[in-house]
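Reviewing the structure listed below.
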Amino acid sequence: MSGQGRDKDKESVQTLLANLQSGDEKKRRFAAEDLGHWKVEEAVPALVQGLEDLSIAVSEACADALVRIGTQRVAEEIAPAFASENVRLRNHASEIMNLLGEPAVPVLIQQLESPDKDVRMFAVDNLIYISSKKSIHALVKALEDNNINVAAAAAVGVGKVGEPEHFETLRKYLDSEHWMRCSVIRGMGFLGNHQAIEVILPLIHDEDLMVKISAIQALVKLANHEILPELLNLLREESLELFGVEALHVIHEIITSYPDKDYSKLFDKQLLDAMLQLTLMGDVESRIKAIEILGYSKIQKVVPDLINLIACNGIDTRKSIINSIVMIDPSDLGLLKQFLEDPDSTFEQKCAALDCIGRSTSKDRFLIIKEFLGSNDETLPRITLDAIHQDFQPVPVKEISALISSPIPEIRASAAGAMGRLGKSEFIPVLIAGLSDGSPEVREAVDNALIKIGKTYETPILAPYLDSFGKMERKTAFEYFGIRNPETISEKYIEGLQDPNVEVRVISYKVIANLRIATLDMVRKGIEDPVDTVQVQAVRAINSLPETPETQSFIHEMLASSASERLKVELIQVLAGLERFNVVDSLLPLLDDSSSWIRLEVVEYLKKRGDRSLIDHLKMLLDSDDEDLVEAVENAIDRLESHARS
């Protein structure tokens, strides 16, 4: 275990350094953690050496400690690792430099003078990541590096770290060797000023393929809507296979940066055809961007083309297609209805068409939804129900209610789901009847619908009331107490505590706890109930009791004298979620209880307290023969020590 709790002194530091170099794996890891917590700068060389520890846990602890110490000396000691043949060590060094930030910058600048081109490359990459203004002069100097890769990386770095005035600095290198020229263009893109647009935009027509692509990529960073027509022309005039996807990213960036502009006049037939081709090219991300651009075009005639794409794409792409059609919001829903009437349409196409109809603003949507709710097809009513969103108006109450009696279980479940989303009180009696449905899936859907309606229609108090019960309990609750806000009939629940029906007593305890009207006397009587499920609910009702001397005394008494293992466990679990009751002194004796279950729950309770003084009590259990208990104790001690460190 970590020595985190000790005060920092010379002797303890030397002990930690010794443990770091020669202890077992656990001691090495804890030593690294403590040295980092204390920010012991003299430990930096040893911690750097520890980065090569064969144990990944130890090497990562050393890396974390070096970052926590966070001084320039750390950077100085770690810099030689850039030249190492050990890949893991180099990766550690790069990550530590990045996380050190500003303190690493002077050291990284020095590394730009290294004769090793790989070291210089690491230095440039780290300086770009840190993006300190202090590094700009060094990056400008690195533009003259004799290694093209280092110089090219520096060009991108000058763009990322520099200011608009560095545009002219980069411009001087625009006529350089091919790869350098491409990097200069990308660097200019990061500077993001109007001068960059004037220089880069013509280069999208350059004869050099890579220069052209670099120019298109650089324009993504600029995202200026004034260049949109030129980029759209690129799709008309150039090879879509070579440049279409790259241009697509820029167009998407511009359009989504200015979503409120009207783009419909820019999309002629040639451009629409090109964009539809791009929905079939490149990776999924690129295809989705093409689909989204068509949505922003607001051109209604592409709706059938988008629905046709449904058949050959995955879930994410299908979602994008539906969202784009919703953006277009076609006034002519016949463009979508045709897919519902076509026997060759796939199930996915029908689902998408109905989803779009359900989210349309067209006045015709209600009649179409109503029509397909009454379809004799075995699938159309179900997917129509699924297409009815929570804000659908007017609500076809009669048609949806009728489908809860469908002979097809999937349709009944979908009907219940639609009722829950719509949240209408008119559905409650229909749903209560559905709690007796012969299909478990339908009962589950009905149950969920009742909970949703309770949360949206009734007062907020009804939400915990509905949420507390299982399906059969819910059915009993509705039958016994009716469909009313329990706050208005609290007396009926208090009477229910003495009801002969066990289910009613259980429900009543749950409700009075949620209404926070439980009293200590009610809890006492519930614990004396002959049925254990009622006893458990009575114990859980303690959660709602106020902090009083009487309640505190009752809890102490129950922990000390109750003969029921389960009730003690339930009580400890309840108390673990409360901070207002101070019961640590009553729980500590239970660490010696004969029940492993009780001891485990006490350990979990103490772990959550965050009090390091409890560690000594927990250590007494480390010699137990119960492996699960020992593991829980070790985890608790680690948690308490970690809490002390933070």
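The values are calculated or read from the model by the stated rules, or taken from the named source; none is laboratory data. All values derive from a computational prediction rather than experimental measurement. As a convention, Cβ positions derive from the backbone with ideal geometry for all residues, glycine included, and neighbour counts pool all protein chains shown. Just the protein is used for accessible areas: all its heavy atoms, side chains included, with ligands, DNA and RNA removed. Shrake-Rupley method; radii C 1.70, N 1.55, O 1.52, S 1.80 Å.
Carbon and sulfur: what percent of the stretch 256-328's accessible surface (1.4 Å probe)?
Exposed carbon and sulfur together represent 50 percent of the surface.
Show me, for the stretch 577-582, the HN-Hα J-couplings you get by feeding each phi into the Karplus relation (A = 6.51, B = -1.76, C = 1.60, θ = phi - 60°), rounded to Hz, glycine and proline as x.
3J(HN,Hα) across the stretch 577-582, in whole Hz: x, 10, 10, 7, 9, 8.
Can you find, among Leu571, Met620, Val583, the residue farthest towards the positive end of the dipole of the stretch 548-620? Put +1 on the C-beta of Lys and Arg, -1 on that of Asp and Glu.
Met620
Answer with one residue from Leu143, Ile288, Tyr173: the one whose Cα lies farthest towards the positive end of the charge dipole of the chain, charges on Cβ with Lys, Arg +1 and Asp, Glu -1.
Working it through, the farthest residue towards the positive pole turns out to be Ile288.
Counting only the heavy atoms of the protein chains, how much of Glu473 is accessible to a 1.4 Å probe, in Å² to the nearest 10?
Using a 1.4 Å probe on the heavy atoms, I get roughly 40 Å².
HN-Hα J couplings of the stretch 76-81 from phi, Karplus 6.51/-1.76/1.60, θ = phi - 60°, integer Hz, Gly and Pro as x?
5, 6, 8, 4, x, 5
Report, in listed order, any pair from Lys133/Lys221; Lys298/Lys319; Lys172/Lys221; Lys133/Lys289; Lys289/Lys319; Lys117/Lys160 with a Cα-Cα distance greater than 24 Å.
Too far apart for the 24 Å limit: Lys133/Lys289.
Residue farthest toward the positive end of the dipole of the stretch 175-266, with Cβ of Lys/Arg at +1 and Asp/Glu at -1: which of Ala223, Ser183, Asn233?
Ala223
Hey, any idea what % of the stretch 350-419's accessible area is carbon plus sulfur with a 1.4 Å probe?
For the stretch 350-419, the apolar C and S fraction of the accessible surface comes to 50 percent.
Can you give the accessible area per residue of the stretch 483-557, in Å², using a 1.4 Å probe?
With all protein chains present, the stretch 483-557 gives 48 Å² per residue.
Taking θ = phi - 60°, what integer Hz values does the Karplus form 6.51 cos²θ - 1.76 cosθ + 1.60 yield along the stretch 520-526, in sequence order, with x for Gly and Pro?
4, 5, 4, 5, 4, 5, x
Cα to Cα, under 16 Å, and not fewer than 8 places away if on the same chain: which lysines meet these conditions relative to Lys424?
Straight-distance partners of Lys424: Lys398, Lys452, Lys455.
Mind ranking His252, His137 by accessible surface for me, highest first, 1.4 Å probe?
In descending accessible area the options line up as His137, His252.
Please say if the chain is rounded, prolate or oblate, where rounded means a/c under 1.5 for a ≥ b ≥ c the square roots of the C-alpha gyration tensor eigenvalues, and otherwise the choice is prolate for a/b larger than b/c and oblate otherwise?
oblate
If you count only protein heavy atoms and use a 1.4 Å probe, how large is the accessible surface of Met121, to the nearest 10 Å²?
50 Å²
When the solvent-accessible surface of protein heavy atoms is calculated with a 1.4 angstrom probe, in what order do Asp175, Asp628 fall, highest first?
Reading off the accessible areas and sorting them downward yields Asp175, Asp628.
Suppose every Lys and Arg Cβ carries +1 and every Asp and Glu Cβ carries -1, with no other charges. What dipole size does the stretch 53-150 come out with about its Cα centre, to the nearest 20 debye?
260 debye
How big is the dipole moment of the stretch 561-607 about its Cα centre under a simple scheme where the beta carbon of each Lys and Arg is +1, that of each Asp and Glu is -1, and everything else is neutral? Debye, nearest 20, please.
Around 80 debye, computed over the stretch 561-607.
If you roll a 1.4 angstrom probe over the protein chains with everything in place, what fraction of the accessible area of the stretch 96-143 belongs to carbon and sulfur, to the nearest %?
Here it works out to 58 percent.
Suppose R0 equals 56 Å; then what is the FRET efficiency for Asp24 and Asp593 from their Cβ-Cβ distance, rounded to the nearest 0.05?
Between Asp24 and Asp593 the formula returns 0.95.
Give me the 1.4 Å probe accessible area per residue for the stretch 412-457, excluding ligands and nucleic acids, in Å².
About 39 Å² of surface per residue is accessible.
For a quick check: with amide H placed at 1.01 Å from N, whose amide H comes under 5 Å from Gly610's, ignoring anything fewer than 5 positions away on the same chain?
HN-HN under 5 Å from Gly610: empty list.
Relative to the Cα centre, what is the charge dipole magnitude of the chain, using +1 at the beta carbon of each Lys and Arg, -1 at the beta carbon of each Asp and Glu, and rounding to the nearest 20 debye?
1440 debye
For the stretch 535-588, what class follows from the C-alpha gyration tensor (a ≥ b ≥ c being the square roots of its eigenvalues): rounded when a/c is under 1.5, otherwise prolate if a/b is larger than b/c, else oblate?
rounded
So with the 1.4 Å probe, I'd like the accessible area per residue for the stretch 604-646, rounded to whole Å².
59 Å²
Sort Tyr258, Tyr263, Tyr173 by accessible area with a 1.4 Å probe, largest first.
Result, largest first: Tyr258, Tyr173, Tyr263.
Cut-off under 17 Å on the C-alpha distance; same-chain residues fewer than 8 positions from Lys363 excluded. Which lysines are left, in chain and number order?
List returned: Lys337.
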